[in-house]
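Structure, as structure tokens:
The values are calculated or read from the model by the stated rules, or taken from the named source; none is laboratory data. Keep in mind the model is a prediction, meaning the values are calculated, not measured. Because the Cβ atoms are built from the backbone with ideal geometry, glycine has one as well, and the counts that use them run over all protein chains shown. Just so you know, the surface numbers come from the protein's heavy atoms only, side chains and all, with ligands and any DNA or RNA stripped out. Shrake-Rupley method; radii C 1.70, N 1.55, O 1.52, S 1.80 Å.
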Amino acid sequence: MKEMIHKILALLMAFFMLVSTVSWTVEKHFCFGSLVDIAFFHEADTCGMEMPLLNDNAALNKDSNGCCSDEIISVQGQDELSISNDDLSLGQQQFLVAFASYYINLFQPREQHYVPHADYPPPVLVRDIHVLDQVFLI
């Protein structure tokens, strides 16, 4: 059970690391106020109603087109993953090492002492010899 929990936690942490380091982009294309296409990681398909450029001097933006609009949601991922030990002083580092080693040793199985006669039952007493001979330890 403990190994299964460790595996699940390891997979969960790997998933969170992947999600936090990947950049996400969601692009939506609206035409006349209704959603036409949604795209992850690439440009959304258009509805085909874009106005063509009239000539090279008159450049029209996509935003100037009244019927279509684009919405882009972008989340930048984390680029730096190095952990710096400069934040902790030497005393704090020593404490963390001692605490971690003590905590890990709590879960180590204790050594079982070998008892050679554990599997052998005591002999069956027919009579109590101490009472018959009246020999008692004082």
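So the values come out like this:
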{"quantity": "Unmet criterion (only one of (1) farther than 30 Å from PHE107 by Cα; (2) modelled with pLDDT of 85 or more) for MET4", "calculated": "(1)"}
{"quantity": "All positions within the stretch 13-37 that are assigned to a strand (DSSP E or B) and either exposed (fewer than 12 other Cβ atoms within 10 Å of the Cβ) or not charged (D, E, K, R) (or both)", "calculated": "TRP24, THR25, VAL26, HIS29, PHE30, CYS31, SER34, LEU35, VAL36"}
{"quantity": "Among (1) under 30 Å from SER23 (Cβ atoms); (2) at pLDDT below 75, the one test that ASP45 misses", "calculated": "(2)"}
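Residues checked against (1) of a type in the set (Val, Ile, Thr); (2) outside any loop (DSSP other than H, G, I, E, B); (3) open to solvent by 70 Å² or more (accessible area, probe 1.4 Å); (4) at pLDDT 85 or above:
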| residue | (1), (2), (3), (4) |
| --- | --- |
| ASP56 | no, no, yes, no |
| LYS62 | no, no, yes, no |
| GLU71 | no, yes, yes, yes |
| ASP79 | no, no, yes, no |
| GLN93 | no, yes, no, yes |
| LEU96 | no, yes, yes, yes |
| PHE99 | no, yes, yes, yes |
| TYR102 | no, yes, yes, yes |
| HIS113 | no, no, yes, no |
